[in-house]
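S.K.: This is the structure, below, for whatever I ask next.
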Amino acid sequence: MAFVFAIGGIASHPTPVAAAGMKVVIVVGPAGSSTANYIYNAKKLAAQARSYGATVYELYSPHATWARVKRYAQGANLFIYLGHGNGYPSPYGAFSKYSKDGLGLNTYDGSSSHTYYGEYYLARDINLAANAVVILNRLCYASGNSEWGSANPTKATAIKRVDNYGAGFLRTNARAVFANGINSASSILYSLFRTTRTMKQAFWADPARSGAYDFSFTSVRTPGKVAILDPYAPSRYYHSVIGDLGMTATSWRAGG
């Protein structure tokens, strides 16, 4: 199933009233041989969100075009993207707001090629719900990491990557941007729908947490926002969050 529009679902356990009607949009862009695996994992997240009572929209390659994403993302409380990441700093020349730190989507409906829509397009064209949350899953760069096979980044480079990748999404009304480069985002959904945790607490409740080399920084790109990077080993950056980390899941469920 390449493109799915679905509403509701059968809850596997009682659903909090505040979670009913929450809008979740899940996008999988073309990612070569990894696309099928990304769709498989996206469907698991979709089923989990529906079990909490959410309205879920799934946009999967080869039909995940910018026109569709732009249409369905409006007013989303939770936006989840799996696919290629094109961040900065990178080995690919100067920064471009038109192609960096956004989404890699199908160039046209039915295509296997991808086109990057950078932070400029996110900020210009997408308005998420108040207090929205964004999850970037399996991307290069978003959590500070490099592409597979490339040299590991320095700490300074990882900080810039997380700051830059968060910037566009934080201009769509999102209050927090989680990035899990390797592991599932399932625990984040649980924290959002089923707890009163802050975004910081939700980050640390992730089973993928390490805590051995973590550090935080204040955003340069988005004043007032704070980020945490949690590498599992020196220079291995696959777990991050940036935004208003004191916001609670209760506020997320109440917002917009």
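S.K.: Might you let me know whether region 186-204 holds any residue that is of a type in the set (S, T, Y), farther than 30 Å from G53 by Cα and out of contact with any Gly (no Cβ under 6 Å at 6 or more places or on another chain)?
M.R.: The answer is no, given that none of the residues of region 186-204 is of a type in the set (S, T, Y), farther than 30 Å from G53 by Cα and out of contact with any Gly (no Cβ under 6 Å at 6 or more places or on another chain).
S.K.: I would also like to ask the following. Of the residues that sit in region 145-161 and are touching a residue at least 60 places away in the same chain (Cβ under 8 Å) and of a type outside the set (A, V, I, L, M), which one is surrounded by the fewest Cβ atoms within 10 Å (Cβ to Cβ)?
M.R.: Out of the qualifying residues, it is T154.
S.K.: I'd like to check which strands (runs of 3 or more DSSP E) are fully inside region 162-256 and have at least 2 residues that are surrounded by fewer than 22 Cβ atoms within 10 Å (Cβ to Cβ), out of contact with any strand residue (DSSP E or B) (no Cβ under 9 Å at 6 or more places or on another chain) and in contact (Cβ under 8 Å) with a residue 40 or more places away in the chain.
M.R.: Where strands (runs of 3 or more DSSP E) fall fully within region 162-256, none carries at least 2 residues being surrounded by fewer than 22 Cβ atoms within 10 Å (Cβ to Cβ), out of contact with any strand residue (DSSP E or B) (no Cβ under 9 Å at 6 or more places or on another chain) and in contact (Cβ under 8 Å) with a residue 40 or more places away in the chain.
Laboratory data are not the source of any read-out in this text; all were calculated from the coordinates shown. Note that the coordinates shown come from a computational prediction; the quantities given were computed from them, not determined experimentally. In this analysis, Cβ positions are derived from the backbone assuming ideal geometry, glycine residues included, and neighbour counts consider all displayed protein chains.
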